[in-house]
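J.: Quick one: structure below, then a few questions.
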């Protein structure tokens, strides 16, 4: 009995050391773990889709039961919206004018000449140790790791894993995300770091910058050397609360249904 | 192929299937807007209930790795937590003689709450700044425990089928008798 307990403790110790070694290698980005994850996602992609397809009616039924009141209210709201939009459409002289309005409404002006592709968010996983969303575009659509993901409001994150049909996006609220930023007016530079869901980004500004910056100043990606992001993408606005200086993201990271991927030319 | 190898292959298949179902469906669904059904965690607790401590630690490690495959937390963090939790549960079973279903239910709830708190601390270690502990958090933890205590029962049946040659309908049998092969 005593021998067995000692033996099991040794095994646990060995497993703990192994896990710590894997975590260290992963943190240093030297292990094979990125490749293993890519393979796992690629191999299981059809299975995951099939499971999601088969079980989605159960989930929908459950959501219908527990959110019946919300759904009824949402239905009423949508009916009103449909009536309103039908009125708008009736007023438009032709489809071309309607398309132009849509284009203006969805135009992401900060991207300029870079090509983009729209994607819908298919999964939103925010556990205590990660902030990741999955989108329905992958390498088949020309996506690659490192490409920035935005909404019309600003930066959302960047792609960290791509399979044929899907990609995983690490949000800017993830603590492993650091972004070089610059304020438009003052040209003050800094680096933001994610700090979890619903929490503004941490920011390290260059010395003396806090004294000249007013709350609400907008920051965008600096695009400086070794930056993961091209320059000019809006990130957030400055929030000063006593001695605490933060950046409030412009994109609503809690409500991501559709996003746009900027198809940057090369790995940054 | 000997029965031991079949048993391990079956265990590996179940663990992978559970991870795929979790990432394919349940990761995106919150019950009552706050509780996520965590199938690998329920299976882990069940493994702790029905296995010897060495086997539980190893299977906990494998279950954790299957979660690590589909998550983007530092690779190995779930393997670390799950192996320790499964081992701790299995060790605690050795000291119990024929625990009743009610005791198992409470123990399952406590184990799931404990594992959830451990993952919360892991989030703190990795600077995720989880929300502060409030009454809201306490209610969420109690709900996680209550749902987990229900889910642990079918998970235990799955773990028994996965690890033993004959399924058992008796949840109250001690692991020493169940693993005496």
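J.: Can you name the residue in region B:23-59 that is in contact with a strand residue (DSSP E or B) (Cβ under 9 Å, 6 or more places away or on another chain) and under 27 Å from residue B:137 (Cβ atoms) and is also surrounded by the most Cβ atoms within 10 Å (Cβ to Cβ) among such residues? Spell out how you get there, then give the answer.
T.: Taking region B:23-59 first, the residues in contact with a strand residue (DSSP E or B) (Cβ under 9 Å, 6 or more places away or on another chain) are B:23-24, B:26-30, B:36-37.
So of that shortlist, the ones also under 27 Å from residue B:137 (Cβ atoms) come out as B:23, B:26-30, B:36-37.
Working: B:23: 27, B:26: 20, B:27: 24, B:28: 17, B:29: 16, B:30: 14, B:36: 18, B:37: 18.
Taking the candidates together, the pick is B:23.
Every residue, every condition in (1) in contact (Cβ under 8 Å) with a residue 60 or more places away in the chain; (2) touching a strand residue (DSSP E or B) at 6+ places or on another chain (Cβ under 8 Å), yes or no:
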{"residue": "A:139", "(1), (2)": "no, yes"}
{"residue": "A:145", "(1), (2)": "yes, yes"}
{"residue": "A:163", "(1), (2)": "yes, no"}
{"residue": "A:176", "(1), (2)": "no, yes"}
{"residue": "A:181", "(1), (2)": "yes, yes"}
{"residue": "A:205", "(1), (2)": "no, yes"}
{"residue": "A:223", "(1), (2)": "no, yes"}
{"residue": "A:228", "(1), (2)": "yes, yes"}
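J.: Can I ask one more? Does residue B:12 meet the test of being surrounded by fewer than 22 Cβ atoms within 10 Å (Cβ to Cβ) and in contact (Cβ under 8 Å) with a residue 60 or more places away in the chain? Before you say what the answer is, go through the steps one by one.
T.: Values: surrounded by fewer than 22 Cβ atoms within 10 Å (Cβ to Cβ): yes; in contact (Cβ under 8 Å) with a residue 60 or more places away in the chain: no.
No.
J.: Hey, another quick one. If we keep just the residues of region B:125-139 that are surrounded by fewer than 17 Cβ atoms within 10 Å (Cβ to Cβ) and within 12 Å of chain A (Cβ to nearest Cβ), which is modelled with the highest pLDDT?
T.: If we filter region B:125-139 for residues that are surrounded by fewer than 17 Cβ atoms within 10 Å (Cβ to Cβ), which is where we start, we get B:125, B:127, B:131-139.
Restricting the remaining residues to those that are within 12 Å of chain A (Cβ to nearest Cβ) gives B:125, B:127, B:131-132, B:137.
Values: B:125: 74, B:127: 60, B:131: 60, B:132: 63, B:137: 79.
Per the stated criteria, the residue is B:137.
J.: If residue A:194 satisfies all but one of (1) without any contact (Cβ under 8 Å) to a residue 60 or more places away in the chain; (2) under 19 Å from residue A:237 (Cβ atoms); (3) within 14 Å of another protein chain (Cβ to nearest Cβ), what's the number of the condition it fails?
T.: (1)
J.: Give the residue, chosen from A:30, A:18, that is modelled with pLDDT of 75 or more and not in a helix (DSSP H, G or I). Show your work before the answer.
T.: On the way: A:18 fails: not in a helix (DSSP H, G or I).
Criteria check complete, one pass: A:30.
Table: residues versus (1) crowded, with 19+ Cβ neighbours inside 10 Å; (2) modelled with pLDDT of 85 or more; (3) not assigned by TED's automatic domain parsing to the domain that holds residue A:189.
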| residue | (1), (2), (3) |
| --- | --- |
| A:227 | no, no, no |
| A:238 | yes, yes, no |
| A:241 | no, no, no |
| A:249 | yes, yes, no |
| A:253 | yes, yes, no |
| A:256 | yes, no, no |
| A:261 | yes, yes, no |
| A:265 | no, no, no |
| A:268 | no, no, no |
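J.: Hey, among A:198, A:185, A:194, A:180, which residue is over 20 Å from residue A:263 (Cβ atoms) and within 12 Å of the chain's Cα centre (by Cα)? Before the answer, list the steps.
T.: Details: A:198 fails: within 12 Å of the chain's Cα centre (by Cα); A:185 fails: within 12 Å of the chain's Cα centre (by Cα); A:180 fails: within 12 Å of the chain's Cα centre (by Cα).
The conditions single out A:194.
J.: How many residues, within region A:129-150, are in a loop (DSSP other than H, G, I, E, B) and under 16 Å from residue B:29 (Cα atoms)?
T.: Of all residues in region A:129-150, those in a loop (DSSP other than H, G, I, E, B) come to A:129, A:136-138, A:142-147.
When the remaining residues are screened for being under 16 Å from residue B:29 (Cα atoms), the result is none.
The number of residues fulfilling the criteria is 0.
J.: Same structure, new question: Given the conditions (1) within 18 Å of residue B:150 (Cβ to Cβ); (2) at the interface with another protein chain (Cβ under 10 Å from one of its Cβ atoms), which single one is not true for residue B:70?
T.: All conditions are met except number (1).
J.: Report whether or not residue B:70 is touching a strand residue (DSSP E or B) at 6+ places or on another chain (Cβ under 9 Å), touching a residue at least 40 places away in the same chain (Cβ under 8 Å), closer than 24 Å to residue A:125 by Cα and surrounded by fewer than 24 Cβ atoms within 10 Å (Cβ to Cβ).
T.: Values: touching a strand residue (DSSP E or B) at 6+ places or on another chain (Cβ under 9 Å): yes; touching a residue at least 40 places away in the same chain (Cβ under 8 Å): yes; closer than 24 Å to residue A:125 by Cα: yes; surrounded by fewer than 24 Cβ atoms within 10 Å (Cβ to Cβ): yes.
So residue B:70 passes the test.
J.: What single numbered condition from (1) within 11 Å of chain A (Cβ to nearest Cβ); (2) under 28 Å from residue A:124 (Cα atoms); (3) in a helix (DSSP H, G or I); (4) touching a helix residue (DSSP H, G or I) at 6+ places or on another chain (Cβ under 7 Å) fails to hold for residue B:57?
T.: (2)
J.: Let me ask you something else. Specify which of the listed residues (A:174, A:197, A:204, A:153) is modelled with pLDDT under 90 and not in a loop (DSSP other than H, G, I, E, B).
T.: Working: A:174 fails: not in a loop (DSSP other than H, G, I, E, B); A:197 fails: not in a loop (DSSP other than H, G, I, E, B); A:153 fails: not in a loop (DSSP other than H, G, I, E, B).
Exactly one of A:174, A:197, A:204, A:153 is modelled with pLDDT under 90 and not in a loop (DSSP other than H, G, I, E, B), namely A:204.
J.: Could you check residue B:64 against (1) over 14 Å from residue A:15 (Cα atoms); (2) more than 7 Å from chain A (Cβ to nearest Cβ) and say which number it fails?
T.: Result: residue B:64 fails condition (1) only.
J.: Under 10 Å from the mean Cα position of the chain (by Cα) and within 14 Å of chain B (Cβ to nearest Cβ) - does that describe any residue in region A:137-147?
T.: Taking region A:137-147 first, the residues under 10 Å from the mean Cα position of the chain (by Cα) are none.
So far as region A:137-147 goes, no, none of its residues is under 10 Å from the mean Cα position of the chain (by Cα) and within 14 Å of chain B (Cβ to nearest Cβ).
J.: In this structure, is residue A:261 under 30 Å from residue A:144 (Cα atoms) and in a strand (DSSP E or B)?
T.: Values: under 30 Å from residue A:144 (Cα atoms): yes; in a strand (DSSP E or B): yes.
When the stated conditions are applied, residue A:261 passes them.
The values are calculated or read from the model by the stated rules, or taken from the named source; none is laboratory data. Predicted model only: the values in this text are computed from it and were never measured. Glycine gets a Cβ as well: all are built from the backbone with ideal geometry, and neighbour counts include every protein chain shown.
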